[in-house]
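The values are calculated or read from the model by the stated rules, or taken from the named source; none is laboratory data. For clarity, every value in this text was computed on a predicted model and none was experimentally measured. When we count neighbours, we look across all protein chains shown, and the Cβ atoms used for this are built from the backbone with ideal geometry, even at glycine.
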Amino acid sequence: MEDYVAATLEVIVAAGADVLVLQDMDYDAGGAALGALANALAVEGIEYPYSIALRPNSGWPTGVDVDGDGDANGPRDAHGYGRFNGEGGMAMLSRFPLAEVQDFSGLIWADLPESTAPSVTPDVALPVLRLHSVGAWDVQILAPNGPLHILTSHASAPVFDGPEDRNGLRNADEIRFWTLYFDGWSHDFTAFEGQDFVLAGTLNVDPERGEGRRAALLELLNHSRLQDTGPNTPTVDWEDPTPGDLRVDYILPDAQQRVLETGIIWPVEGPLAEAALEASDHRLIWVDIDH
């Protein structure tokens, strides 16, 4: 565990980001884990005085038997797969103050327009099961040159199901949520009006390879309000040949942003390469924008 933490710190310090979006970070109500991470980074010389971590859907019990095994208390009966409350959540660290936050994590899957939930979800679960398996946020950052919205989510892996493709359908709807949001749709939240924004998260689908319903991803990547500046390379180091290294993590600035540079921390040799390998099977991707 100490090696893993040290490796994670080394990768984050190497990135030196002004705003850091963290995926697959366990949530605790007191924010102890995120606070400890911020303190450890401060010791390494990188200060993040502002942070946010909201309770994720992963591990949050629905109270109903979602997977139909006769037990309503299993990890697959939660809103998102999880063996305990808060497993594999999301967090954000920032050098700049945070302002308004919209949390879309409570949106019911069946309430999404043209939702596929009714085709793969038991009737008893339809009124309660949430769309986002982990969460989705719109966080306004008060950057020096004006507010910047950081939009983030972690979509379901489109695998670990059966021929009904339940996880693949849910993944596609989680991605399609952002397309609808940019098009002005809202359910029980404020419609999107942001002019300066970046969508950053794990969408769990590669544009060309691997499993998943790519149509929803490609529609999002080609949306008129976004630009896909890359890096158009794999972002995760999975076992070869299947599933293999895939691009499943994305940072997509709005179409008006001037992108200066993009990259991924995936060196092939040296101490940082060892740290990246130890820290996660996902690699840290970054985008430098002129904002």
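Please verify whether segment 63-71 includes one or more residues that are farther than 20 Å from R170 by Cα and either crowded, with 16+ Cβ neighbours inside 10 Å or charged (D, E, K, R) (or both).
Yes; the residues of segment 63-71 include at least one that is farther than 20 Å from R170 by Cα and either crowded, with 16+ Cβ neighbours inside 10 Å or charged (D, E, K, R) (or both).
Just wondering, is there one or more residues in segment 154-162 that are closer than 28 Å to P49 by Cα, in contact (Cβ under 8 Å) with a residue 12 or more places away in the chain, of a type outside the set (D, E) and not in a loop (DSSP other than H, G, I, E, B)?
Yes, because at least one residue in segment 154-162 is closer than 28 Å to P49 by Cα, in contact (Cβ under 8 Å) with a residue 12 or more places away in the chain, of a type outside the set (D, E) and not in a loop (DSSP other than H, G, I, E, B).
Which count do you get for residues in segment 46-74 that are charged (D, E, K, R), more than 24 Å from A14 (Cβ to Cβ) and in contact (Cβ under 8 Å) with a residue 24 or more places away in the chain?
Matching residues across segment 46-74 total 2.
Please specify each residue of segment 214-231 satisfying the condition of being in contact (Cβ under 8 Å) with a residue 24 or more places away in the chain, under 24 Å from E164 (Cβ atoms) and either surrounded by fewer than 18 Cβ atoms within 10 Å (Cβ to Cβ) or more than 18 Å from the chain's Cα centre (by Cα) (or both).
Those that are in contact (Cβ under 8 Å) with a residue 24 or more places away in the chain, under 24 Å from E164 (Cβ atoms) and either surrounded by fewer than 18 Cβ atoms within 10 Å (Cβ to Cβ) or more than 18 Å from the chain's Cα centre (by Cα) (or both): A215, E219.
Here is a list: N171, N204. Which entry is of a type in the set (S, T, N, Q), out of contact with any Phe, Trp or Tyr (no Cβ under 6 Å at 6 or more places or on another chain), surrounded by 22 or more Cβ atoms within 10 Å (Cβ to Cβ) and assigned to a loop (DSSP other than H, G, I, E, B)?
Answer to the check: N204.
Out of segment 190-210, which residues are out of contact with any Pro (no Cβ under 6 Å at 6 or more places or on another chain), hydrophobic (A, V, I, L, M, F, W, C) and either at pLDDT 95 or above or within 14 Å of I289 (Cα to Cα) (or both)?
F197, L199, A200, L203, V205
Please give the strands (runs of 3 or more DSSP E) falling wholly within segment 83-146 in which 1 or more residues are surrounded by 14 or more Cβ atoms within 10 Å (Cβ to Cβ) and of a type in the set (S, T, Y).
By residue number, 89-94.
Quickly run through segment 240-279 and pick out the residues that are within 24 Å of G212 (Cα to Cα) and either surrounded by 19 or more Cβ atoms within 10 Å (Cβ to Cβ) or modelled with pLDDT of 95 or more (or both).
D245, L246, R247, V248, D249, Y250, I251, L252, P253, I264
Could you figure out which of (1) closer than 22 Å to E174 by Cα; (2) among the acidic types (D, E); (3) touching a residue at least 24 places away in the same chain (Cβ under 8 Å) isn't true of D77?
Among (1) closer than 22 Å to E174 by Cα; (2) among the acidic types (D, E); (3) touching a residue at least 24 places away in the same chain (Cβ under 8 Å), D77 violates only (3).
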